[in-house]
Structures are given as structure tokens and as C-alpha cells.
Amino acid sequence: MSGEESQGGRLLDGKALAARIEASLAAEVETFVEVCHRRPRLVVVLVGDVAASASYVKSKQAAAARVGIDSEVLQVEASVQTVDLVTLIKRVAAEEHGPADGILVQLPLPKHVDERAVLDAVPPDRDVDGFHPENAGLLSQGRPRFVPCTAAGVQRMLIDAGIATAGKHAVIVGRSDIVGKPLALLLASRGSGGDATVTLAHSRSTDLGEITRSADILVAAVGRPGLITADMVKPGAAVVDVGINRITDPVSGKSRLVGDVDFDAVRPHASWISPVPGGVGPLTVAMLLANTLVAAELRLGHRRGS
Ligand code: GUN
């Protein structure tokens, strides 16, 4: 038995997969530039000064630069009113801030802002987050356009690792519009990375452990450290951890990132497991870049096959 195997589940290395996706996107971006004589461009609206949001946006900008996608961050005061954010998004869409193939509003927004009204203001053909009801509807009908990036990243991770989904029981814990709901639709859809039997569990589910123990594929997407313990995992299950939680280590006193899964305790029982950090996070960013390139190609009518 190798050192890797003796620890249990094989690592779902999102960082390595994201690097491969970025390499192929970079080549596609150069083809776009040759045809269109400009680069795809992403505009990010960042409201307030939430440290985690600022850090995610920085990663998105750095990744965009690596593949040759231009990006701009519009920083807005936390005190902004809904109507002013909607106006800003309309101005971005009218390209007052330069070309805007993809428009993204970093979440969460301050409590006083009507998040739905703001997200609905993003034109659906630039909605690289896939949060507009038109894109959510297209996904639910099995004809996806922009798929929410984290959900797309989880499915891509499973496909890349060769983890069979057809006929398997996938349990997703967490019913958010950003991850849980779109991932349930993807895994239940027909074709590669789909055809699973999906259970969408949540905070009101009765006996969560009984449900998760029946999962061949278990996805945790709640945002609660230590939610998934070893006794909640079927031996041989593939475990994907979407949680990103900053905790203070009780021993060292230092802050660090952990997921929703008790990684060290669960790994010996799993066939595959994604780490935090370095698992789903980098794939979310890679999928955003892919969506931005598609948005640019769709707008200019240069999408292959269109
Ligand atoms: N905040 C946490 N995840 C996301 C995401 O996928 N998109 C946006 N816009 N904000 C987020």
C-alpha cells in the first residue's frame, strides 16, 4: 500500500485541475483575440470591505490575468442603496466602464441591499455567475448557458477524476441558489457527470447522518466547519467539500481555512476527498473564466458552432 492509499481517500486536487483548465482557456483566449482584436473583459462589482470577498475577487483578477482576460473591479461603499447599485450595473452593461462581456456582483451584499434586485439587473447574456433567473431556468430545463461556477466546478472535478455519477446516489447538503440547487440539477441531468439520483439535504432535514450515510457521492455546501463527521460517511464514498470557513486553531491560535468536512477523520473512509484549500475553490475561479470567454464569444457571434 502506498503512503497515499494508507491515508484513505485519494485527493481531488482542484488546484492542479484548475491549472490544466487555465492552460487550455489561455489558448482559446488567444484565438478570440486573433479574431476579435480585443481581449474578453470581466467587470466585478465589489461592495463594502468584507475581507473574504476582497480576497476572492483578488484571486479572480489574478486568474483572469493568467489566461489573458482583462478585468476591472468597481469598488462601492457599503452604504450604497439598491437603486444606485442597479444604476451602476446598467451603466456597466451600457459599457460606460469599457467592454463588459461578463458582469459579476460579488456576494454577500450588505443586509440593507435587495440582493435579488441587484442580481436581476445583470443582463442574462453577461451573467457569468449564472444567478439570473433566465440562466437558472435554462439550467433547470436541461439547456444550460451560464452555470453557477462552484456547481460547474464540482461536476467537472467528478468527471475529471473518473468518479461515476450515473445511477449513483449523490447527497448534497445545502440548498443555496449558488451551489446546492444548481448542483442538484447538474448531477440529475442527462449525460456525462449526470444521471445520478440526487438528494438535496438541508438544515431542516431529519436525521442528516442517515441520509449522508447512503451517499455514494457526498457534497457538503453549508459553511459550517466540522459538519460532516466520519460516522456520516459511507465507506468508499467520494466526498466533495465546498465549505470555506476561517477558524482560529485552538492549539496554535492562528487562523486558517477549513471546509465543512472533518477532513482528517473522514479521509480514511472515503475513496476520494477534496481538500480545503486547494479543492473546489480554484475550480470555481476556473469556471468563471470559462463562462467569461463563452460570454465574449456569444456576444460577438464567434462561439464555435454558433
Ligand atoms: N460569493 C461566494 N461565492 C460566490 C460566487 O460564486 N459568486 C459571487 N458573485 N459571489 C460569491
**Prompt:** So which residues in region 271-286 are more than 19 Å from Val147 (Cβ to Cβ) and either out of contact with any strand residue (DSSP E or B) (no Cβ under 9 Å at 6 or more places or on another chain) or surrounded by fewer than 24 Cβ atoms within 10 Å (Cβ to Cβ) (or both)?
**Reply:** Ser271, Trp272, Pro275, Val276, Pro277, Gly278
**Fill in**
Picked from region 20-75 (must be more than 18 Å from the chain's Cα centre (by Cα) and over 24 Å from Leu298 (Cβ atoms)), the residue most open to solvent (accessible area, probe 1.4 Å) is Asp49
**Request:** Would you be able to say whether some residue in region 1-8 is touching a residue at least 60 places away in the same chain (Cβ under 8 Å) and outside any helix (DSSP H, G or I)?
**Result:** yes
**Asked** Are any residues in region 76-107 within 15 Å of the ligand (Cβ to nearest atom), open to solvent by 20 Å² or more (accessible area, probe 1.4 Å) and either assigned to a loop (DSSP other than H, G, I, E, B) or touching a helix residue (DSSP H, G or I) at 6+ places or on another chain (Cβ under 6 Å) (or both), and if so, which ones?
**Response** Leu107
**Item:** Members of region 190-219 found to be crowded, with 21+ Cβ neighbours inside 10 Å and of a type in the set (Gly, Ala, Ser), listed by number
**Value:** Ala196, Ala201, Ala215
**Request:** Starting from residues that are in contact (Cβ under 8 Å) with a residue 12 or more places away in the chain and open to solvent by 30 Å² or more (accessible area, probe 1.4 Å), keep the ones in region 132-143 and report whichever is nearest to the ligand (Cβ to nearest atom).
**Result:** Ala136
**Asked** Of the residues Gly278, Gly223, which is within 16 Å of the ligand (Cβ to nearest atom), part of a loop (DSSP other than H, G, I, E, B) and on the phi > 0 side of the Ramachandran plot?
**Response** Gly223
**Residues within region 235-270 that are open to solvent by 70 Å² or more (accessible area, probe 1.4 Å) and within 23 Å of Gly193 (Cβ to Cβ), tallied** = 1
**Selection within region 144-189 - within 21 Å of Ala237 (Cα to Cα), open to solvent by 50 Å² or more (accessible area, probe 1.4 Å) and either in a loop (DSSP other than H, G, I, E, B) or modelled with pLDDT under 95 (or both)** = Gly162, Ala164, Ala166, Gly167, Lys168, Arg175
**Message:** Being away from the ligand (no atom under 16 Å from the Cβ) and open to solvent by less than 30 Å² (accessible area, probe 1.4 Å): is that true of Gly14 here?
**Reply:** no
**Message:** Testing Glu22 on (1) within 16 Å of the ligand (Cβ to nearest atom); (2) over 21 Å from Pro108 (Cα atoms), one condition comes back false. Which one is that?
**Reply:** (1)
**Message:** Every residue in region 108-122 that is in a loop (DSSP other than H, G, I, E, B), away from the ligand (no atom under 14 Å from the Cβ) and either in contact with a Lys or Arg (Cβ under 7 Å, 6 or more places away or on another chain) or among the aliphatic types (A, V, I, L, M) (or both), please.
**Reply:** none
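In contact with a His (Cβ under 8 Å, 6 or more places away or on another chain), in a helix (DSSP H, G or I) and over 30 Å from Val43 (Cβ atoms) - does that describe any residue in region 244-265?
So far as region 244-265 goes, no, none of its residues is in contact with a His (Cβ under 8 Å, 6 or more places away or on another chain), in a helix (DSSP H, G or I) and over 30 Å from Val43 (Cβ atoms).
The values are calculated or read from the model by the stated rules, or taken from the named source; none is laboratory data. Keep in mind the model is a prediction, meaning the values are calculated, not measured. Because the Cβ atoms are built from the backbone with ideal geometry, glycine has one as well, and the counts that use them run over all protein chains shown. Quick note on the areas: whole protein, heavy atoms, side chains included, nothing else; ligands and nucleic acids left out. Shrake-Rupley method; radii C 1.70, N 1.55, O 1.52, S 1.80 Å.
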